[in-house]
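Here's the structure we're looking at; comments come further down.
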Amino acid sequence: MNNDEMYLTKMLRGENMGINIYEKYIKKLPEGKYKKEVESFQSEHIRHKTRLENIMKHRDIEIGSEIGFQGKMAELMTSVKLMFKSDPKAVLKEVHKGELMAAKYTEKYLSEFSESIQPDIEKLLKEDRERINKINKILKTI
């Protein structure tokens, strides 16, 4: 397995995990603007997943839908944390933490990709950072 294959697989696993965790955030939020915003964040992750899958298809890399043990543990921990959080600000702070972690890993992986894939990953990272900025703005106004 080369670096591109290994890190694309890790990123796809992360997107799958993020999509699943976003489902938990969405269920915790009341109807309204915050829920709609978090749903749009989840939609962005779904688009990222599709883009990663397309990159992988073009390189004949096997596409998996699993999230792995780490992903299952992250989902479990998120469920436990959310049991004690009922207001939108607390939920959005958890969204923020998750997004920061995801961007951190994407940045870490970026230099491991071949030059042909780096621009695609940089674009995903740029969108992740924009999403973090949106969450920061929401948290300041809530």
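Computed from the coordinates by the stated procedures, all read-outs in this text should not be read as laboratory data. Predicted model, so just to flag it, every value in this text is computed and none were measured. Cβ placement follows ideal geometry from the backbone for every residue including glycine, while neighbour counts extend to all protein chains displayed.
This table checks each residue for (1) farther than 18 Å from residue 43 by Cα; (2) in contact with a Cys (Cβ under 6 Å, 6 or more places away or on another chain); (3) touching a residue at least 40 places away in the same chain (Cβ under 8 Å).
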{"position": "79", "(1), (2), (3)": "yes, no, yes"}
{"position": "85", "(1), (2), (3)": "yes, no, yes"}
{"position": "92", "(1), (2), (3)": "no, no, yes"}
{"position": "110", "(1), (2), (3)": "yes, no, no"}
{"position": "118", "(1), (2), (3)": "yes, no, no"}
{"position": "122", "(1), (2), (3)": "yes, no, no"}
{"position": "125", "(1), (2), (3)": "no, no, no"}
{"position": "130", "(1), (2), (3)": "no, no, no"}
{"position": "139", "(1), (2), (3)": "yes, no, yes"}
Residue check for residue 52: assigned to a helix (DSSP H, G or I) and more than 21 Å from residue 103 (Cα to Cα): no
Take the residues in the range 124-140 that are among the basic types (Lys, Arg) and under 14 Å from the mean Cα position of the chain (by Cα), then tell me which one is surrounded by the most Cβ atoms within 10 Å (Cβ to Cβ). 131
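This table checks each residue for (1) in contact (Cβ under 8 Å) with a residue 24 or more places away in the chain; (2) surrounded by 14 or more Cβ atoms within 10 Å (Cβ to Cβ); (3) farther than 16 Å from residue 18 by Cβ; (4) among the hydroxyl-bearing types (Ser, Thr, Tyr).
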{"residue": "67", "(1), (2), (3), (4)": "yes, yes, no, no"}
{"residue": "73", "(1), (2), (3), (4)": "no, no, no, no"}
{"residue": "88", "(1), (2), (3), (4)": "yes, yes, yes, no"}
{"residue": "101", "(1), (2), (3), (4)": "no, no, no, no"}
{"residue": "113", "(1), (2), (3), (4)": "yes, yes, yes, no"}
Mind counting the residues in the range 87-120 that are of a type in the set (A, V, I, L, M, F, W, C) and more than 13 Å from the chain's Cα centre (by Cα)? 6
